[in-house]
Amino acid sequence: MLKAVCVGAGYFSRFQYEAWSRIPEVKIVALCDFDKDKANEMAETFRIASVYNSVTEMLDNEDPDFIDVITPPETHLQICREAFKRKIDVIVQKALAPTLQEASTIVNEAEAAGVRLMVHENFRFQPWYREIKKLLDEKVIGETIFSAYFRMRMGDGWGEDAYLNRQPYFREMERLLVYETGIHFIDTFRYLFGEVKEVYAKLRNLNPVIKGEDAGIVHFEFENGVQAVWDANRYNESNSDNARYTFGEMLIEGDKGSIRLYNNGNISIQTLGLSERVYAYHHQNINFAGDCVYQIQHHFIDCIINNKPFETSGNDYLTNIKVQEAIYVSARENIPVQNF
């Protein structure tokens, strides 16, 4: 049994508390948030014994094995430092930090303290991507993958009250689509296709009440020759019953056929010369996006207990941020960007 504490009681934290409640090796003994009402409500819902409004007091009193940091990026460095001082392992929400420099500081200080650090980057743990990765590794559509295309339409960012019901602070973010959402796909594309060689991006602002970009097309070239396109906006609507299940549709093409991911989580395979066929696998619409929050948190615990490397370690996650920054440079200067 690992004893844990959490910081944060905002919108997304509910998914994380619920997932922790299903992992028998973990007991959340305390949570911390400046909003007492939210903190008390979360503690009551998930039967968490203690509530604090001071991170340092919570860490000193509870002496946990690890901390789950579920707060905005600008708070991560200070909270992580408090954990590092006390040799407490950390799982921290993305974005890791507002800047690459600050993210690097967190990673370097974790290493210096001998503390294990993992970023809660859950998209690659969605069940469809785990299955697609298996299919690619098994060469189901060939030895060579030519291209991938992902189309995302969220439909939650139009109108004067965009994002108001769930995450109104999105409206004030200077960088939105790539920083908040695209980082998920940078990581997932790297998981599926390997390391990125070059990016070329066109970013736009469709809703005038939003400060940051809310639409864009990003072209990726990977070191192994795969070319991928991420075509996304948060303005127009999906025709799916749940736009937040898979977040979009994907087509992957290789020298022997193609794999398709649909909005409802279905996967199909079309071998060249044959008809498209449904690929059967298990996925379930519970918690968030196919229960990926549970899967990544279970991965974190498995790695802690068995001393295995994290898939989304802090050090590896710095590569995602470098690609993210290259996308912004490309869009600003209207050039392809390499060497990041």
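The values are calculated or read from the model by the stated rules, or taken from the named source; none is laboratory data. Not measured: the values here are computed from a predicted model. Backbone-built Cβ (ideal geometry, glycine too); neighbour counts: all protein chains shown.
Before moving on, here are some points about what is shown:
- In segment 172-195, the residues that are more than 21 Å from residue 226 (Cα to Cα) reach residues that are in a helix (DSSP H, G or I) and of a type outside the set (Ser, Thr, Tyr) with C-beta atoms within less than 8 angstrom, at least six apart or across chains, in these pairs: 173/180; 176/170; 179/324; 180/170.
- Those residues of segment 294-309 which are surrounded by fewer than 21 Cβ atoms within 10 Å (Cβ to Cβ) and not basic (Lys, Arg), in sequence order: 295, 298, 299, 301, 302, 303, 304, 305, 306, 307, 309
- Flag if residue 301 is aliphatic (A, V, I, L, M), at negative phi, not assigned by TED's automatic domain parsing to the domain that holds residue 141 and not in a loop (DSSP other than H, G, I, E, B): yes
- Candidate set from segment 221-238 (those that are at pLDDT 95 or above and small (Gly, Ala, Ser)); member that is farthest from residue 146 (Cα to Cα): 232
- Whether a residue is more than 23 Å from residue 340 (Cα to Cα), of a type in the set (S, T, N, Q) and either in contact with a strand residue (DSSP E or B) (Cβ under 6 Å, 6 or more places away or on another chain) or in contact (Cβ under 8 Å) with a residue 60 or more places away in the chain (or both) was assessed, and residue 144 passes this test.
- Residue check, residue 218 of a type outside the set (Lys, Arg), under 25 Å from residue 339 (Cβ atoms), at pLDDT 95 or above and assigned to a helix (DSSP H, G or I): no
- Among residues of segment 245-266 that are within 19 Å of residue 284 (Cβ to Cβ) and in contact (Cβ under 8 Å) with a residue 40 or more places away in the chain, those with a beta-carbon under 7 Å from a residue that is aromatic (Phe, Trp, Tyr) and in a loop (DSSP other than H, G, I, E, B) at least six positions away or on a different chain give the pairs 265/245.
- Contact annotation: residue pairs with Cβ atoms under 8 Å, 6 or more positions apart or on different chains, pairing a residue in segment 87-103 that is under 25 Å from residue 299 (Cβ atoms) with a partner that is of a type in the set (Ser, Thr, Tyr), are 93/71; 94/317; 95/179; 96/317; 97/105; 103/317.
- Residue match in segment 174-192 (condition: more than 30 Å from residue 86 (Cβ to Cβ) and either over 19 Å from the mean Cα position of the chain (by Cα) or in the same structural domain as residue 66 (by TED's automatic domain parsing) (or both)): yes
- The residue that is farthest from the chain's Cα centre (by Cα), counting only those in segment 237-275 that are assigned to a loop (DSSP other than H, G, I, E, B) and hydrophobic (A, V, I, L, M, F, W, C), is 274.
- Among residues of segment 246-269 being surrounded by fewer than 18 Cβ atoms within 10 Å (Cβ to Cβ) and hydroxyl-bearing (Ser, Thr, Tyr), the one that is nearest to residue 154 (Cα to Cα) is 262.
- Looking at 333, 253, 325, just one residue is within 26 Å of residue 140 (Cβ to Cβ), among the acidic types (Asp, Glu) and assigned by TED's automatic domain parsing to the domain that holds residue 144, and that residue is 253.
- Among residues of segment 241-279 being among the small types (Gly, Ala, Ser) and touching a Ser or Thr at 6+ places or on another chain (Cβ under 8 Å), the one that is nearest to residue 187 (Cα to Cα) is 248.
- Qualifying residue in segment 159-182 (condition: closer than 30 Å to residue 257 by Cβ, part of a helix (DSSP H, G or I) and out of contact with any Lys or Arg (no Cβ under 8 Å at 6 or more places or on another chain)): yes
- When 123, 66 are screened for being of a type outside the set (A, V, I, L, M) and within 17 Å of the chain's Cα centre (by Cα), only 123 passes.
- One residue stands out in segment 176-210 among those that are modelled with pLDDT of 90 or more and farther than 30 Å from residue 133 by Cα: the one that is surrounded by the most Cβ atoms within 10 Å (Cβ to Cβ), namely 207.
- The sole residue among 48, 23 that is β-branched (Val, Ile, Thr) and over 22 Å from the mean Cα position of the chain (by Cα) is 48.
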